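Heads up: the structure comes next, in structure tokens.
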Amino acid sequence: MYTPAKATTDGWTTAKKNKRFAELYVIECGYNASAAYRRLWHEINPDKDESEMPCPNTIRTKAYAYRHKEAVKKQIEKIEQKIEESQAIRRNETIFSLREIAFNEENSNTDRLKAIDLLNKMGGFYTENYKVDANSTIEVTLTD
């Protein structure tokens with residue numbers, strides 16, 4: 001699991017700001033750049049109150065600028081990769097546990113069937129995929 005760096009008030013270098021913005025953007029603010037910038041501003045300026053915060057237009061502009069910095073983009077990719085890796089590990093652990101339940105004859109049939117059902121759902125066996133040609137025409141007739 002990705003753990004964000006602890007914010008400190010001393011020594012806010014550009015690299016630390018970029019990294020913290022990326023963490024806030026991805027992990028804590030749900031990919032909302034303006035919210036991430038506001039949180040970063042509060043962390044960098046703990047002694048200032050809300051009335052000293054930049055206006056909303058400035059926040060949007062600065063958030064956009066942060067989000068499109070090359071260093072921030074790379075940091076966001078790193079964070080997303082770490083999150084994806086941790087999710088894959090958890091998914092694999094879940095599959096392993098379900099397999100143990102499904103194929104252990106000491107478990108009840110109900111538990112075994114439920115484990116098999118969950119494994120099938122996780123494997124995508126219950127979904128039907130349809131290939132749609134974007135150039136085809138579909139005619140629908142509605143009657144009363």
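The values are calculated or read from the model by the stated rules, or taken from the named source; none is laboratory data. Just so you know, these numbers come straight off a predicted model, no measurement behind them. Ideal geometry is used to build each Cβ from the backbone, glycine not excepted, and the neighbour counts take in all protein chains shown. Just so you know, the surface numbers come from the protein's heavy atoms only, side chains and all, with ligands and any DNA or RNA stripped out. Shrake-Rupley method; radii C 1.70, N 1.55, O 1.52, S 1.80 Å.
The table below lists the values:
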read-out: Verdict on TYR37 being open to solvent by 90 Å² or more (accessible area, probe 1.4 Å), modelled with pLDDT of 95 or more and either in a helix (DSSP H, G or I) or within 20 Å of ARG20 (Cα to Cα) (or both); value: no
read-out: Residue match in the stretch 61-75 (condition: assigned to a loop (DSSP other than H, G, I, E, B), modelled with pLDDT of 90 or more and surrounded by 10 or more Cβ atoms within 10 Å (Cβ to Cβ)); value: yes
read-out: Filter pass, LYS114 being assigned to a helix (DSSP H, G or I) and of a type in the set (Lys, Arg); value: yes
read-out: Leading residue by the ranking (nearest to ILE27 (Cα to Cα)) among those in the stretch 117-144 that are open to solvent by 100 Å² or more (accessible area, probe 1.4 Å), charged (D, E, K, R) and part of a loop (DSSP other than H, G, I, E, B); value: GLU128
read-out: Residue within the stretch 98-105 that is open to solvent by 60 Å² or more (accessible area, probe 1.4 Å), in contact (Cβ under 8 Å) with a residue 24 or more places away in the chain and not in a loop (DSSP other than H, G, I, E, B) present; value: no
read-out: Condition met for ALA88 (at pLDDT 90 or above and small (Gly, Ala, Ser)); value: no
